[in-house]
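The values are calculated or read from the model by the stated rules, or taken from the named source; none is laboratory data. In this text the structure is predicted, and so the values were computed from the model without any measurement. Note: ideal-geometry Cβ built from the backbone for every residue, glycine included; neighbour counts use all protein chains shown. All accessible areas refer to the heavy atoms of the entire protein, side chains included, with ligands and DNA or RNA removed. Shrake-Rupley method; radii C 1.70, N 1.55, O 1.52, S 1.80 Å.
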Amino acid sequence: MLTRTAIAVGTFTPYHQLRLELTDRAGKPTRGMIELGQPGGYDIAFVETDADGVAQLYLPEGVWSAMSFLNVTGSHGPNSLGLALLGDPDIDLRTDTTIKLDGKAARRVESTVPQQTADTFTRLDYYRSQGAGRWRSFIAGGVFFDSFWAQPTSRDVRHGDFYVGARWRKEQPVLTVGTATVDFDDVVRQQGTTQLPQGRWTLPAVFAGNGAASDYAGLNARDRVAVVRRNWEVGDAEQAAAAAAAGVKVLLVVNDFPWREVRDYSIDFFTPTPIEVAMLSTDEGEALIRQIQRGSTKVQVGSQPVADYAYDLVQAYHNRIPRELSRTETPKTLARIDVGFNLPTAQTRGGEFRYDWPSYNNWGIGQTSNRPLAAVRTDWVSTGDLYTWGQEAYLDAATYQIDPRTSYRAGSRSQERFFAPIERPHLNNNFKLPTRSGDTLNLDVPGWGGADHVGMAMSAAAQTNQLYQGDRLLGQSSSTWVSGTAPGAGDLPYRLVVQTTQDPTVGRYSTSTDTRWTFRSKAPAAGVESNVLPLLQLDYTVDTDPAGTAPGRTDLTVSAAHLPGATGCGNVRSISLEISYDDGAHWQRQSLDRSRDGSWTANLRAPRNAGYVSLRASATDDAGNSVSQQVIRAFGVR
């Protein structure tokens, strides 16, 4: 008798129960959204808990991550709002498991600083990776949340990498409000209002109910602080109009939501309300109302339109969330940067932001501020090896500049200047690098970078670009970007010509520039996606005043360097410099003294009748790459 038996051969993956239990800061079960990920994959699933705070899952055996951003009670009382990061990023699911996303165990994540500040941007995020899979999740809160919280992990992550970060931009408050006994640190200035001039006032306060015109009947509110409740019966613009009609100097609106917010109190799209308006959180505002109702109350109001200082702070942790998440920062733990903004006139408006760039993710997340810029501002930044900083700034209808990504040493002091001469085509490590992928060359070279910045013109300026291989034109454009296809994969010489012009009535300096790069390139090796092209960058240092002028006798320093990661670059071999005091009609070759850091310095002696200095510089390396750069009216002479 012949017997046959069929045997199935395959891989069996066991499944297990995963129970997720979500609780708030009071320890009560709550509904919420949990981000469920399996390291090794790129996607996360969103799992919602039920009314009992539970999500019951049946999952294949393996390593999982379960994290939740949960709205919780904040730090300003029961009606305030904070944000908590809860969960376990490293669940090794080998048997039925229960994970507690425990809001009661969450600790406050905070960094306190020596000076009075207000948060203008906040962010809480985490990043998870294992093998090829990775994802980053974050909530950028602006002023929405008054505090961050996080659940400490019981052990370090053992599978892949896990990062968590908290980010704050803290600035000198644009508006402060307080009484003799309480400083209201949860006040938020609103949009569509007329800002008070710089100064301090002590003003009587009145309570005007819901803020309707009828609420001011029989109430002496002229040149006083009026406190009203936000409500659904009287709109924002109506509240502002009634307060302005009553002669109110400052309107304080007590929020009826737990979160902080910025609302619009303008009369219409083009017309702000003629008074200052700010919003207080529910608990702080109600406390002020009760104080007014008990008797005569005076409120101290301070206005600071331009910030003299700012703090850019990060707390970042790798593979764990520790129990101690509260830091006290001092000048010894932070780095100081004295940042100058060369403003053409006192009326020039602009803005800026310093982005943090995590070591684990090439994505800077922030929000550019439009607060008026100071001529000089003292900035303090966190130090650490898990991130770098890159500041960006703009002037309305003029220039947008990006400084290099940099890390800082605790206790160090440095300087940064925006919108100062010498503006010309320039690249750094905080902008898209020129690359070759296969036979395609892509180059984006904005033409208005001052100092070591990349700079883009937003005014009456023009730029042209031509890319050549030998004498053959591969591509041309009238923007900042140009591309072309190489005639072959071999090592060949290429040339990039970038020329800019600017109306001198719009910008006094860099009225025209001409920059020519020669470089060699070949196709990337097999398996390499792209190579950074070896475009030498020229940097200049000259001591100019806020108007962009230097003394007639001054030093001009020139240096040359390759972009980070460039392929086919060599050692810088020589630098030359010529100067003109008549807009390029005549040139004078300069003798240069070399410094230990590789830079070269010329001692300039301008004629008495000179108004501007134009320059023509060049540099080569020993691999056949070179750059020549001409800048007409590079800076002024006084």
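Our helix-only sum for the chain, with -39,500 (n - 2.57) per DSSP H run of n ≥ 4 divided by its residues, gives a mean residue ellipticity at 222 nm of -1000 deg cm²/dmol. Computed packing ranks the peptides 386-392, 28-34 as 386-392, 28-34, most packed first, by mean other Cβ atoms within 10 Å.
The share of alpha-carbon pairs in the range 417-492 lying farther apart than 15 Å comes to 60%.
Quick one: work out Rg over Rh on the C-alpha atoms of the range 83-186, Rh as Kirkwood radius. Dividing the radius of gyration by the Kirkwood radius yields 1.09. Neighbours of GLY142 by Cβ distance under 12 Å: Lys/Arg scored +1, Asp/Glu scored -1, total +1.
Among 441-448, 214-221, 168-175, the peptide with the highest mean count of other Cβ atoms within 10 Å heads the list, and the full ranking is 441-448, 168-175, 214-221.
Between SER75 and ARG136, the contour length at 0.36 nm per residue exceeds the Cα-Cα span by 19.3 nm. Remark: spin-label model distance ALA525-ASN603 equals 4.9 nm, labels positioned 7 Å along the Cα→Cβ axis. In the full protein context, the range 450-572 carries 44 Å² of accessible surface per residue, based on a 1.4 Å probe and ignoring ligands, DNA and RNA.
Here's how it looks for SER266: its modeled amide H is under 5 Å from those of THR273, which are all 5 or more places away or on a different chain.
The alpha-carbon of LYS100 sits under 28 angstrom from the alpha-carbons of these lysines, leaving out residues fewer than 8 places away in its chain: LYS28.
One Cα centroid belongs to the range 265-307, the other to the range 114-193; the line between them spans 24 Å.
Take the Cα of VAL182, step 7 Å along the line toward its Cβ, and report every residue of the range 215-243 whose backbone nitrogen sits under 19 Å from that point. Of the residues in the range 215-243, 225-231 have backbone N under 19 Å from the label point off VAL182. Note on LYS104: aspartates and glutamates with a C-alpha under 13 Å away, same-chain residues under 8 apart excluded, are GLU21, ASP24. Estimated at the nearest 10 Å², the accessible area of ARG336 is 60 Å² with a 1.4 Å probe. In this simple spin-label model, placing a label point 7 Å from the Cα along the Cα-to-Cβ direction at both ASN210 and ASP396 gives a separation of 3.7 nm.
On the basis of the beta-carbon distance and an R0 of 60 Å, ASP264 and LEU492 show a calculated FRET efficiency of 0.55. Length available on full extension from SER576 to ASP385: 0.36 nm per residue minus the Cα-Cα distance, which gives 65.0 nm. Modelled label positions at ASP223 and ARG294, each set 7 Å beyond Cα in the direction of Cβ, lie 2.8 nm from each other. Protection proxy ranking for 114-120, 534-540, using the average of other Cβ atoms within 10 Å per residue and placing the highest first: 534-540, 114-120.
Please give the Cα centre distance for the range 601-626 versus the range 402-476, rounded to the nearest Å. Here the two parts' Cα centres lie 19 Å apart.
Cβ-Cβ distance of PHE257 and ARG327, R₀ of 22 Å, FRET efficiency by 1/(1 + (r/R0)^6): the value works out to about 0.15.
Between SER591 and TYR58, the C-beta separation translates, for a Förster distance of 56 Å, into a calculated FRET efficiency of about 0.10.
Multiplying the residue separation of THR194 and ASN429 by 0.36 nm and subtracting their alpha-carbon distance yields 80.6 nm.
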